[in-house]
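To start, the structure itself, in structure tokens.
The values are calculated or read from the model by the stated rules, or taken from the named source; none is laboratory data. Quick caveat: nothing in here was measured; it's all calculated off a predicted structure. Using ideal geometry, Cβ is built from the backbone for each residue, glycine included, and neighbour counts are taken over all protein chains shown. Surface areas here come from the heavy atoms of the whole protein model, side chains and all, with no ligands, DNA or RNA. Shrake-Rupley method; radii C 1.70, N 1.55, O 1.52, S 1.80 Å.
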Amino acid sequence: AQKITQTQPGMFVQEKEAVTLDCTYDTSDPSYGLFWYKQPSSGEMIFLIYQGSYDQQNATEGRYSLNFQKARKSANLVISASQLGDSAMYFCAMREGPYSDKLIFGTGTRLQVFP
Amino acid sequence: ETGVTQTPRHLVMGMTNKKSLKCEQHLGHNAMYWYKQSAKKPLELMFVYNFKEQTENNSVPSRFSPECPNSSHLFLHLHTLQPEDSALYLCASSQPDRNYEQYFGPGTRLTVT
């Protein structure tokens with residue numbers, strides 16, 4: 001079974017609008033971490049935001065917020081006020097367990113922002 | 001700039017060549033990673049090093065040989081590769097007390113002819 005599922009291969013959004021990128025995960029470990037990364041065409045994976053399984057509040061970092069719904073095992077990324085520079089691949093990833101140093105990645109969503 | 005550099009950025013090699021990829025991190029992290037990213041596939045973890053010791057080898061063929069001389073440097077030695085090994089190879093580093101978030105380098109785009 002897929003540990004991380006990103007069902008949207010591609011998304012379009014108009015500049016200045018908000019967009020939600022979906023991510024669902026599967027784990028039986030009560031302690032885990034969820035990450036979102038951005039990969040522009042240059043190839044570098046850029047860390048965006050982190051959510052711990054015990055965190056009570058949804059994580060936010062500037063225009064990025066993580067809509068964490070634990071019971072549904074979803075960790076959707078919300079980008080507000082999209083900019084042209086947000087066009088990139090976006091990957092959801094999970095760390096299982098409190099001490100694991102391994103990340104499991106999804107297949108990614110390609111976001112295109114148009115003027 | 002994430003503090004993780006990789007060289008070369010692009011590499012074309014024949015199946016009989018020997019080459020090495022280099023990764024250097026300037027973040028003071030203790031863990032370093034090699035990933036392979038092929039088209040339309042999730043990132044595949046290849047190797048993990050913690051404090052210079054290899055803690056993970058994810059069933060990687062022996063034609064890929066990692067080396068970690070210190071916590072700041074990581075190499076991936078390549079020999080007798082196959083065309084299906086063509087991919088983007090990403091290096092990352094992390095620090096356990098920071099939620100294990102990993103910081104990535106720009107990658108090496110490898111083409112095997």
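Things worth noting here:
- Selected residue (criterion: nearest to residue A:113 (Cα to Cα)) from residues of the range A:1-25 that are open to solvent by 50 Å² or more (accessible area, probe 1.4 Å) and of a type in the set (Val, Ile, Thr): A:20
- Subset of the range B:72-106 that is more than 14 Å from chain A (Cβ to nearest Cβ), open to solvent by less than 10 Å² (accessible area, probe 1.4 Å) and farther than 20 Å from residue B:24 by Cβ - its residue that is farthest from the chain's Cα centre (by Cα): B:81
- Taking each residue of the range B:1-25 that is closer than 8 Å to residue B:105 by Cα and looking for partners that are surrounded by 14 or more Cβ atoms within 10 Å (Cβ to Cβ) and polar (S, T, N, Q) with beta-carbon atoms closer than 7 Å, six or more apart or interchain, yields B:3/B:25; B:4/B:25; B:4/B:93; B:6/B:108; B:23/B:6.
- Among residues of the range B:42-53, those that are open to solvent by less than 80 Å² (accessible area, probe 1.4 Å) and either more than 18 Å from residue B:88 (Cβ to Cβ) or among the acidic types (Asp, Glu) (or both), counted: 4
- Among the candidates A:65, A:100, A:42, A:28, residue that is open to solvent by 60 Å² or more (accessible area, probe 1.4 Å) and either assigned to a strand (DSSP E or B) or within 14 Å of chain B (Cβ to nearest Cβ) (or both): A:42
- The lone exception for residue A:114 - which of (1) under 30 Å from residue B:50 (Cα atoms); (2) loosely packed, with under 15 Cβ neighbours inside 10 Å; (3) of a type outside the set (Ser, Thr, Tyr); (4) in contact with a Phe, Trp or Tyr (Cβ under 7 Å, 6 or more places away or on another chain) it fails: (1)
- Scanning the range A:64-85 for residues that are of a type outside the set (A, V, I, L, M, F, W, C) and out of contact with any strand residue (DSSP E or B) (no Cβ under 6 Å at 6 or more places or on another chain) gives A:69, A:70, A:72, A:80, A:83, A:85.
- Top-ranked residue in the range A:45-62 [being more than 12 Å from chain B (Cβ to nearest Cβ) and part of a loop (DSSP other than H, G, I, E, B); ranked as nearest to residue B:89 (Cα to Cα)]: A:62
- Number of residues in the range A:5-43 that are over 16 Å from the mean Cα position of the chain (by Cα) and of a type in the set (Asp, Glu) equals 3.
- Scanning the range B:16-57 for residues that are touching a Lys or Arg at 6+ places or on another chain (Cβ under 8 Å) and either away from chain A (no Cβ under 11 Å) or assigned to a strand (DSSP E or B) (or both) yields B:44, B:45, B:46, B:48, B:56.
- Flag if residue B:63 is open to solvent by 30 Å² or more (accessible area, probe 1.4 Å), within 14 Å of another protein chain (Cβ to nearest Cβ) and either within 27 Å of residue A:35 (Cα to Cα) or not polar (S, T, N, Q) (or both): no
- Among the candidates B:94, B:38, B:20, B:86, residue that is at pLDDT 90 or above, polar (S, T, N, Q), touching a strand residue (DSSP E or B) at 6+ places or on another chain (Cβ under 8 Å) and farther than 27 Å from residue A:108 by Cα: B:20
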